[in-house]
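Structure first, commentary second.
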Amino acid sequence: MRVISCAPLEAEGFANGFSTRAGGCSHIPPRGGALNLAGFDEDDAANIHENRRRFLKLFRGDWRLATCRQVHGADVRVIRGDTPGALDTGNERCDALTTNAPHILLGVQTADCVPVLLGDARTGACAAVHAGWRGTAAEVVLAALARMRAEYGTRATDVRAAIGPAALGCCYEVGAEVIDAFRARFAYAGELLAPTREEHARIDLHEANRRQLTDAGVAPARIHAAPLCTICREDLFFSYRRDKKLHGRTGRLLAVIGRSDE
Ligand SMILES: [Zn+2]
């Protein structure tokens, strides 16, 4: 099992990680042993829970996992430390989670969409964000930042961000719907789009999220991105776009962050 983690976030007291596809017990074509961590409609719940158990063992200490039912929007859910019982019901509809309570791992699931983890060492607040093209167009990462400010007093200048593996500009071609949404919303959309054929372009959602964070006041040096593409790195990741076409189904990766100290 291999996990990608952001060392600077870790050094500031935030356990964090982006999962990869190996080391699990699911059979997700073309391979077995897949670490599928969500997507209950495409895999047995028992497999997913066993995979989650293995994944969470990588993080020292006791953690409760909080997830949500992602809907490609910009709503943010606050996870309180005194929330009773299991947090990983996954039934609350939102695309970002935030907390300042220790020993809660906030998790977002992806398979091409962009996972963004935010940590604010000054207040102890953190957030996990799911930003596909719709969420990126809706500026969900800024919604998470605003909620951290409202709940915990987070200042953008104190935030460190880790942007995880996603469908990147090398592979992710989109059509008119996406192109129009970005052109309508962002004056700099042309910098995110590389035209391919008529009414199509490859879009760089890493850069889009980075741009939103820097425009909000997060220093570029405090934004760390894993330059790994889920579509072309089949050895490492599930990809909704690639696997659905080839095999009819895919697994889900999980990106998690949590405060390890009291
Ligand atoms: Zn690629």
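Quick notes
- Top-ranked residue of the range 126-138 - restricted to ones that are touching a helix residue (DSSP H, G or I) at 6+ places or on another chain (Cβ under 6 Å) and in contact (Cβ under 8 Å) with a residue 60 or more places away in the chain, ranked as nearest to Gln212 (Cα to Cα): Thr136
- Selection of the range 151-164 for residues being crowded, with 21+ Cβ neighbours inside 10 Å and either of a type in the set (D, E, K, R) or farther than 18 Å from Phe14 by Cβ (or both) yields only Arg160.
- Index of the failed condition, Arg134 passing every other in (1) modelled with pLDDT of 95 or more; (2) over 21 Å from Gly217 (Cβ atoms); (3) open to solvent by 50 Å² or more (accessible area, probe 1.4 Å); (4) assigned to a loop (DSSP other than H, G, I, E, B): (4)
- Those residues of the range 49-62 which are part of a loop (DSSP other than H, G, I, E, B) and open to solvent by 40 Å² or more (accessible area, probe 1.4 Å), in sequence order: Lys57, Leu58, Arg60, Gly61, Asp62
- Residue satisfying all of: in the range 165-189; part of a loop (DSSP other than H, G, I, E, B) and more than 16 Å from the ligand (Cβ to nearest atom); surrounded by the most Cβ atoms within 10 Å (Cβ to Cβ) among these: Phe186
The rows are residues; the columns are (1) in contact with a strand residue (DSSP E or B) (Cβ under 8 Å, 6 or more places away or on another chain); (2) more than 16 Å from the ligand (Cβ to nearest atom).
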residue	(1), (2)
Glu191	no, yes
Pro195	yes, yes
Ala226	yes, no
Lys245	no, no
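- In the range 158-176, the residues that are in contact (Cβ under 8 Å) with a residue 60 or more places away in the chain and of a type outside the set (S, T, N, Q) form Cβ pairs under 7 Å with partners that are part of a loop (DSSP other than H, G, I, E, B) and crowded, with 24+ Cβ neighbours inside 10 Å, at six or more places apart or across chains, as follows: Pro165/Thr230; Pro165/Phe237; Ala166/Asp112; Ala166/Cys113; Ala166/Thr230; Ala167/Asp112; Ala167/Thr230; Ala167/Ser239.
The values are calculated or read from the model by the stated rules, or taken from the named source; none is laboratory data. The shown structure was predicted, so the numbers you read here are calculated from the model rather than taken from an experiment. Here Cβ is always computed from backbone atoms with ideal geometry, including for glycine, and neighbour counts include all displayed protein chains. Calculation scope for accessible area: heavy atoms of the full protein, side chains included, ligands and nucleic acids excluded. Shrake-Rupley method; radii C 1.70, N 1.55, O 1.52, S 1.80 Å.
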